[in-house]
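In what follows, a structure is listed as structure tokens, so that the remarks can point back to it.
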Amino acid sequence: MTQVGIKIIGISGSLRTGSLNSALLREAVELRHRDVHIEIVPIGELPLFNADVEAVGLPEPARQLRERIRHSDGILIATPEYNFSVPGVLKNAIDWISRPVADPVVRGKPVAIMGAGGRLGTARAQAHLRQICTGLSMLVLGQPEFFLASAWERFDANGRLADEPSKQALAALLDAFARWIALVGRDRVRT
């Protein structure tokens, strides 16, 4: 166990500077328990996945992301919903970290999913993401689910989550995720 206790990698499925999903991750950093460390890792520098590129050697951004995940206890993903599904940039990141097949750093890794979006709060994207993660043998937290509907109404002008019930729901998700990591065995997933 490290000095920080539980180490979580946070990934936003949006590259937009003013992304509410990235803001949601930053709120998670603020609301986390003191024994939990969340490192937000950007995915915008990852090239599009290409097996020919992989065969020559992992691009540095992909190698760094894989190593951060390898040495973490879990992954917290904030996904927007694009065209009723997972954003391409997020799926691309998952493609990189799920390879090579002989050494996927995501196998057996606990993951929690959340999202800030429109009327359904990214429910369809989260359903697709759960399917992807389960197919990769990731250990997806089942409950509670966190769908931040009408997200633009819940953040203030400084990009801070201003809605108290939403903050409480996010804190509950983070607490449940920490318990989930402990349950599935943190020492088993961090190498």
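The values are calculated or read from the model by the stated rules, or taken from the named source; none is laboratory data. From a predicted model like this one, the values you see are computed outputs, not experimental measurements. So basically every Cβ, Gly included, is an ideal-geometry build from the backbone, and we count neighbours across all protein chains shown. Please note that ligands, DNA and RNA were not included when accessible areas were found on the heavy atoms of the full protein model with its side chains. Shrake-Rupley method; radii C 1.70, N 1.55, O 1.52, S 1.80 Å.
Give the carbon-plus-sulfur fraction of the accessible surface of the chain in %, rounded to a whole number; probe 1.4 Å, heavy atoms of protein chains only.
Reported share for carbon and sulfur atoms: 53 percent.
Quote to one decimal, in nm, the extra length available between Asp103 and Ala171 on full extension: 0.36 nm per residue of separation minus the C-alpha distance between them.
21.2 nm
What accessible area, in Å² to the nearest ten, does a 1.4 Å probe give for Arg68?
Arg68 has an accessible surface of roughly 90 Å² with all protein chains in place.
7 Å from Cα along Cα→Cβ at both Asp35 and Arg70: what's the point-to-point distance in nm?
My value for the distance between the label points is 2.8 nm.
How would Leu120, Leu161, Leu136 line up by accessible area, probe 1.4 Å, largest first?
Result of the area sort, largest leading: Leu120, Leu136, Leu161.
So what is the calculated 222 nm ellipticity per residue for the chain, using -39500 (n - 2.57) for each DSSP H run with n of 4 or more, over all residues, to the nearest 500 deg cm²/dmol?
-12000 deg cm²/dmol
Could you please put Thr79, Thr134 in sequence from largest to smallest accessible area, using a 1.4 Å probe? Walk me through the numbers on the way to the answer.
Numbers: Thr79 0, Thr134 85 Å².
Result, largest first: Thr134, Thr79.
With no solvent and one equal point scatterer placed on each C-alpha of the stretch 93-191, evaluate the Debye formula and give log10 I(q)/I(0) for q = 0.10, 0.13, 0.15, 0.21 Å⁻¹, two decimals.
These q points yield log10 I(q)/I(0) values of -0.33, -0.54, -0.70, -1.09.
So what is the relative contact order for the chain, in percent, with contacts set as C-alpha pairs under 8 Å and at least six apart?
Computed over the chain, the figure is 25 percent.
Let me check the size of the chain from its C-alpha atoms; what are the radius of gyration and Dmax in Å?
15.7, 49
Counting only the heavy atoms of the protein chains, how much of Val36 is accessible to a 1.4 Å probe, in Å² to the nearest 10?
Using a 1.4 Å probe on the heavy atoms, I get roughly 10 Å².
Counting only DSSP beta bridges with both residues in the chain, tell me the antiparallel percent, nearest 5. Kindly include the intermediate steps, with their values, before the conclusion.
Working: 3 of 22 bridges.
Of those bridges, close to 15 percent are antiparallel.
Report the convex hull volume per residue for the stretch 1-46, counting only C-alpha atoms, in Å³.
Dividing the Cα hull volume of the stretch 1-46 by its residue count gives 73 Å³.
Can you give me the Cα centroid spacing of the stretch 142-156 and the stretch 1-77 in angstrom?
Computed from Cα coordinates, the inter-centre distance equals 20 Å.
Would you rank Ser12, Ser85 by solvent-accessible area, highest first, keeping every protein chain in place and using a 1.4 Å probe?
Most to least solvent-accessible, the answer reads Ser85, Ser12.
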